[in-house]
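Okay, structure first, notes after.
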Amino acid sequence: MGSMVVISTTSVPDRVRGALSRWMTEPGAGLYVGTMNARVRQELWSAVSASVGDGAAVCLHTADNEQGYVVLTAGERRRQVLDFDGLQLIRLTAQIEEEDPEWLPEAPERQDGGETPGAEEVPF
């Protein structure tokens, strides 16, 4: 007997969406739901994770564990699945942005041409 499988995709190639739509229904954009046996699920997830490209995908399926489901991910995501004593928890990672010194505004020049009083006393 098959089990319920949910796959969510973000920015994946059209061929991935086509492969998923052959086996599952798409009730929302990038969200696929279906019932299948473990072998079909494993083969389908292998194909999706191998061709996700710059996008990302998440697969949830029922399992015989404490939570009752398993979470699989493919592609670059801010959310990472961690195993904590048999429980799958989600950790959010911070986005790393390159520092751009051009975003700092330049200090306005004084109208009287003098220096700011006490500027030399500032420790930074």
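Structure notes:
- Within the range 71-124, if we keep just the residues that are among the polar types (S, T, N, Q) and open to solvent by less than 100 Å² (accessible area, probe 1.4 Å), the residue that is modelled with the lowest pLDDT turns out to be Thr116.
- For Gly68, the conditions (1) over 19 Å from the mean Cα position of the chain (by Cα); (2) at pLDDT 95 or above; (3) open to solvent by less than 80 Å² (accessible area, probe 1.4 Å) are fulfilled apart from (2).
- Selection of the range 45-61 for residues being open to solvent by 70 Å² or more (accessible area, probe 1.4 Å) and either over 19 Å from Val16 (Cβ atoms) or assigned to a helix (DSSP H, G or I) (or both) yields only Ala50.
- Qualifying positions in the range 20-44 - open to solvent by 30 Å² or more (accessible area, probe 1.4 Å) and part of a helix (DSSP H, G or I): Ser21, Arg22, Trp23, Ala38, Arg39, Val40, Arg41, Gln42, Glu43
- Cβ separations smaller than 6 Å between residues 6+ apart or across chains give the following pairs from the range 83-96 residues that are farther than 19 Å from Gly68 by Cα to residues that are not polar (S, T, N, Q): Arg91/Leu82; Leu92/Arg78; Leu92/Arg79; Thr93/Arg78.
- Of all residues in the range 6-55, those satisfying the criterion of being closer than 19 Å to Thr73 by Cβ, polar (S, T, N, Q) and touching a residue at least 12 places away in the same chain (Cβ under 8 Å) are Ser8, Thr9, Thr10, Ser11, Ser49, Ser51.
The values are calculated or read from the model by the stated rules, or taken from the named source; none is laboratory data. Everything numeric in this text was worked out from a predicted model, so none of it was measured. Reconstructed Cβ throughout: ideal geometry from the backbone, glycine too, with neighbour counts over all protein chains shown. To get the accessible areas, we keep the full protein, side chains included, count just its heavy atoms, and leave off ligands, DNA and RNA. Shrake-Rupley method; radii C 1.70, N 1.55, O 1.52, S 1.80 Å.
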